[in-house]
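Visitor: This is the structure I want to talk about, given as structure tokens.
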Amino acid sequence: MDSQERLPLFALLSFALVAFTIEFDNEFEHQVPHRTTMQGSSTGSRQVPWLVSRVMWSNFLRFIPEEGTTLGDLRRRLGMRNANLRQWLERTGKWWGYLVVESKSQEARILPTAGGRKAIQVWRTLDDLIEKRWRDRFGEEVIDALCHSLSAIVRHIKVELPEGLPVLGYGLYSRGPEEPQPAEAPSAGISLPSLLSKVLLWFAMEIEGSSEVSLAICANVLRLVGEEGIRVRDLPRQAGVSREAIAMAVSFLLKRGYAVQESKPGTRTKIMLLTAQGRKARKTYDDLVQAIEQRWHEQFGDEVVGRLRESLERLAGNSSAEHSPLRPGLHPDPEGWRKAAPEALPYYPMVLHRGGFPDGS
């Protein structure tokens, strides 16, 4: 991609949010005892929780006080249906070890485990810590301008949106709130990643209101498939997302007739090509991205959207993570599970139930 090409506004939002989240997650991993698949327990004890990403904190665990709460009260706070709430409790409790549930009634007590309390105490500090690093790195003026323009857009959104992106379901769609509530006036204390999440989710919801293919799939897969197709094994590196997330996207495109997969003659290499339906979906995506960004200029004002783009371009640079001004914050701890900074940042986060990491890891 030509470094001078104008990037879509939503992709710049994604680069900033993913970079902030990776830096947040790396710091959490450094401070909190945890377990991972590849490295086992950081303390040697299996009693520590499983390592998860910021979304699990911002969308769920932050609603649970250290002294615990009841199942009914948690449901009211979250505005979440019982079936989905049970899934969250299953994952954050039985699977990952952050919570215990004392019984199954509506008055059941939900309590953090010892590891969960430690995680909550650290998570509470990290938005402010990483934002301070960004202010030191990029300058107060840039971050202030970014927060101001994001807040101006959030004030126009009539539905209360979560402070983290939702976990993507089948088809990798960005579902809005299960039980939408009227938006409250944005607090002056809302964090930078929460502002980025709300504005990016709103863009995705506008796209997906008119597109049969999710923004996550359009931006991270359809966008990359040229007329000659693309090697499926190249998609994770080029998109900046995990093999597992790409596999889910490719499966959807193949099953729904947007793409076909062929073997390169004489090899086992799989090539994915778009069908006429897939090319139409990609054209719809391109047109919607331009139309929505233009509508935002009209709805929110040229000054607000222009300032937002300018601030994000100063943060993110072009689409290559290798040369982005965001790169200094992407380097993991030498002992961390990521091992290395990503080569690319996704055009849209792939937040999965695997732990909520922004690249689907």
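Bear in mind that the values in this text are calculations on the coordinates, not laboratory data. Please read all numbers here as calculations on a predicted model, not as lab measurements. Because the Cβ atoms are built from the backbone with ideal geometry, glycine has one as well, and the counts that use them run over all protein chains shown.
Visitor: Taking the chain as a Gaussian network, where each spring joins two C-alpha atoms under 10 Å apart, which residue of 53, 251, 149 fluctuates the most?
Guide: Result: 251 has the largest fluctuation of those listed.
Visitor: Using helices alone, I'd like the mean residue ellipticity at 222 nm for the chain: each DSSP H run of four-plus residues gives -39500 (n - 2.57), total over residue count, nearest 500.
Guide: The helix contribution divided over the chain gives -15000 deg cm²/dmol.
Visitor: Tell me the relative contact order for the chain as a rounded percent, counting alpha carbon contacts under 8 Å between residues six or more apart.
Guide: 25 percent
Visitor: At a threshold of 8 angstrom on Cα-Cα distance, excluding pairs fewer than six apart, so keeping six or more, what relative contact order does the range 244-296 reach in percent?
Guide: So the answer I get is 25 percent.
Visitor: Ok, one more. Do any of 94/198; 158/198; 255/283; 255/280; 94/118 go past 22 Å between their Cα atoms, and which?
Guide: With Cα atoms farther than 22 Å apart: 94/198.
Visitor: When the chain is fully extended, how far beyond the present Cα-Cα distance does residue 273 get from residue 100, taking 0.36 nm per residue of separation?
Guide: Working: separation 173, 0.36 × 173 = 62.28 nm, distance 4.72 nm.
In short, 57.6 nm is gained.
Visitor: Oh, and also: Between the range 293-318 and the range 80-128, how many Å separate their Cα centres?
Guide: The range 293-318 and the range 80-128 have Cα centres spaced 37 Å from each other.
Visitor: Further question: Given axes a ≥ b ≥ c from the Cα gyration tensor, I'd like to know whether the range 12-91 is rounded (a/c under 1.5), prolate (a/b larger than b/c) or oblate.
Guide: Taking the square roots of the gyration eigenvalues as a ≥ b ≥ c, the range 12-91 is oblate.
Visitor: Taking only C-alpha pairs under 8 Å that are 6+ residues apart, what is the relative contact order of the range 249-361 in percent?
Guide: Over the range 249-361, the number comes to 11 percent.
Visitor: In addition: Quick one: of the DSSP bridges fully inside the chain, what percent are antiparallel, nearest 5? Mind showing how you got there, number by number?
Guide: Values: 17 of 18 bridges.
Close to 95 percent.
Visitor: Please report, in debye to the nearest 20, how large the charge dipole of the chain is about its Cα centre when each Lys and Arg carries +1 at its beta carbon and each Asp and Glu carries -1 there.
Guide: Computed charge dipole of the chain: roughly 1400 debye.
Visitor: Taking 56 Å as R0, compute the FRET efficiency from the Cβ-Cβ separation of residue 287 and residue 30 and round it to 0.05.
Guide: 0.80
Visitor: Reachable aspartates and glutamates from residue 270, Cα under 13 Å, same-chain residues fewer than 8 places away excluded?
Guide: Within the straight-line cut-off, residue 270 pairs with 228, 234, 262.
Visitor: For 153, 120, what's the fewest-to-most ordering of other Cβ within 10 Å of each Cβ?
Guide: Fewest to most other Cβ atoms nearby, the residues stand as 120, 153.
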